[in-house]
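The values are calculated or read from the model by the stated rules, or taken from the named source; none is laboratory data. Note that this is a predicted model, so its numbers are computed, not measured. Reconstructed Cβ throughout: ideal geometry from the backbone, glycine too, with neighbour counts over all protein chains shown. Side chains included, ligands, DNA and RNA excluded: accessible areas come from the protein's heavy atoms. Shrake-Rupley method; radii C 1.70, N 1.55, O 1.52, S 1.80 Å.
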Amino acid sequence: MLRHPLLSDPDHPSYAHWDVVSLAALGYPDAGPDELALAADLMGFYFLFDDQFDGPLGRRPTEVAPICERLIAVLHGARPNRSSAVETAFADLWERSVRGMPARWQARAAYNWEWYLASHPAEAAGRISERPPDRDGYLALRRGTAAMETIFDMVERLGNFEVPAAVLHHPVLRQLRQLSADIPSLSNDVRSFPLEAPRGDVNNLVMIVQRERDCSAEEACAVVMAEAQLMVERCGELHERLPAVHRELGLARVERILAQRYADGLVTWLAGYLTWESRTGRYLTA
């Protein structure tokens with residue numbers, strides 16, 4: 001954060017208040033020192049990058065798009081503009097992330113990063129649109145801007161392994177991964193609602209439920225959290241089914257171990273994120 005620099009000093013009040021290092025440690029508790037440092041750098045980048053679009057820039061999609069396009073180009077081999085801190089920081093993170101990983105993983109990780117980056121212009125356009133998003137539109141965009149697929153790719157990278165393809169795309173694991181990605185978004189929407197509503201953000205499920213049910217914000221928050229709780233319970237059910245899935249697929253012992261490590265990593269991240277979210281100062285109002 002300092003080297004590129006995305007932060008002017010290590011005691012930057014907002015950054016210190018967020019405690020992103022704890023998020024990295026809670027989300028990836030088995031990571032070694034170098035891997036944990038990479039995770040912490042990634043967490044800091046996500047938050048600082050996203051926050052650039054919370055002000056006036058976040059309502060100008062024609063200016064957001066070129067910023068994101070330049071980062072997408074870095075994924076595909078372009079050299080970063082050395083005068084741009086965000087480009088050099090991202091290039092550094094990408095190079096460290098792909099180091100030692102097989103081509104198949106790198107292709108998947110590049111696609112997921114592109115999805116995340118390319119979602120920001122659409123989010124900016126949504127803020128100035130006369131038509132608020134419905135639930136389906138919300139999910140389509142939120143699954144991009146939440147960056148969860150990139151975070152889940154790092155379960156493999158930080159653990160130095162790759163999930164067998166047959167397991168990665170099995171319906172049971174795909175459901176587990178999707179739920180594990182959606183739950184933080186719902187919880188975050190509730191916690192960030194007091195901050196997002198005044199500045200005109202519309203991509204928040206609490207606001208959508210309010211319109212759907214014509215209810216108060218408090219009631220909408222309760223509905224969203226109840227939905228998240230049902231999703232948590234479904235995650236538990238799916239996780240318990242995975243050993244049977246591994247047997248049905250005829251996985252070798254080593255493949256079963258890797259597949260289980262990945263699934264455990266998903267739910268560990270989820271638990272870690274929810275713990276961090278309950279403690280961080282990032283979502284506190286003034």
Evaluate region 189-200: report whether one residue or more is modelled with pLDDT of 95 or more and loosely packed, with under 15 Cβ neighbours inside 10 Å.
no
Filter pass, Q210 being under 27 Å from Y28 (Cα atoms), part of a helix (DSSP H, G or I) and open to solvent by 20 Å² or more (accessible area, probe 1.4 Å)
no
What are the residues in region 242-262 that are without any contact (Cβ under 8 Å) to a residue 60 or more places away in the chain, part of a helix (DSSP H, G or I) and open to solvent by less than 70 Å² (accessible area, probe 1.4 Å), if any?
P243, A244, Q260
Restricted to region 166-177, and to residues that are without any contact (Cβ under 8 Å) to a residue 12 or more places away in the chain and not charged (D, E, K, R), which residue is most open to solvent (accessible area, probe 1.4 Å)?
H169
Look through A78, A31 and report the one residue that is closer than 24 Å to D153 by Cα, among the aliphatic types (A, V, I, L, M) and free of Cβ contacts under 8 Å to residues at least 40 places away in the same chain.
A78
Quick one: in region 81-97, which of the residues that are among the charged types (D, E, K, R) and either touching a residue at least 12 places away in the same chain (Cβ under 8 Å) or in a helix (DSSP H, G or I) (or both) is least open to solvent (accessible area, probe 1.4 Å)?
E87
Those residues of region 48-65 which are in contact with a helix residue (DSSP H, G or I) (Cβ under 9 Å, 6 or more places away or on another chain), exposed (fewer than 15 other Cβ atoms within 10 Å of the Cβ) and assigned to a helix (DSSP H, G or I) amount to D51, L57, T62, E63
Please work out if E162 is in a loop (DSSP other than H, G, I, E, B), modelled with pLDDT of 95 or more and either acidic (D, E) or open to solvent by 20 Å² or more (accessible area, probe 1.4 Å) (or both).
yes
Only one of A124, A147 is in contact with a Phe, Trp or Tyr (Cβ under 7 Å, 6 or more places away or on another chain), crowded, with 16+ Cβ neighbours inside 10 Å and either aromatic (F, W, Y) or over 24 Å from Y262 (Cα atoms) (or both); which?
A124
Looking at region 213-224, which of the residues that are open to solvent by less than 40 Å² (accessible area, probe 1.4 Å) and of a type outside the set (V, I, T) is nearest to the chain's Cα centre (by Cα)?
C221
What pairs can you find where one residue is in region 263-286 and under 24 Å from R174 (Cα atoms) and part of a helix (DSSP H, G or I), the other is open to solvent by less than 10 Å² (accessible area, probe 1.4 Å) and of a type in the set (F, W, Y), and their Cβ atoms are less than 8 Å apart, with a gap of 6+ or different chains?
G265/F152; L266/F152; W269/F152
Sort out which residues of region 227-241 are more than 21 Å from the chain's Cα centre (by Cα) and without any contact (Cβ under 8 Å) to a residue 40 or more places away in the chain, and write them in order of number.
E237, E240
Evaluate the following for P10: is it assigned to a loop (DSSP other than H, G, I, E, B), surrounded by fewer than 20 Cβ atoms within 10 Å (Cβ to Cβ) and in contact (Cβ under 8 Å) with a residue 24 or more places away in the chain?
no
Would you call R234 over 22 Å from E277 (Cα atoms), of a type in the set (K, R) and either part of a helix (DSSP H, G or I) or open to solvent by 40 Å² or more (accessible area, probe 1.4 Å) (or both)?
no
Matching residues in region 13-40 - criterion: being open to solvent by 60 Å² or more (accessible area, probe 1.4 Å) and either touching a Phe, Trp or Tyr at 6+ places or on another chain (Cβ under 7 Å) or within 27 Å of Y262 (Cβ to Cβ) (or both)
D19, V21, P29, D30, P33, D34
When you look at Q229, is it part of a helix (DSSP H, G or I) and open to solvent by 50 Å² or more (accessible area, probe 1.4 Å), yes or no?
yes
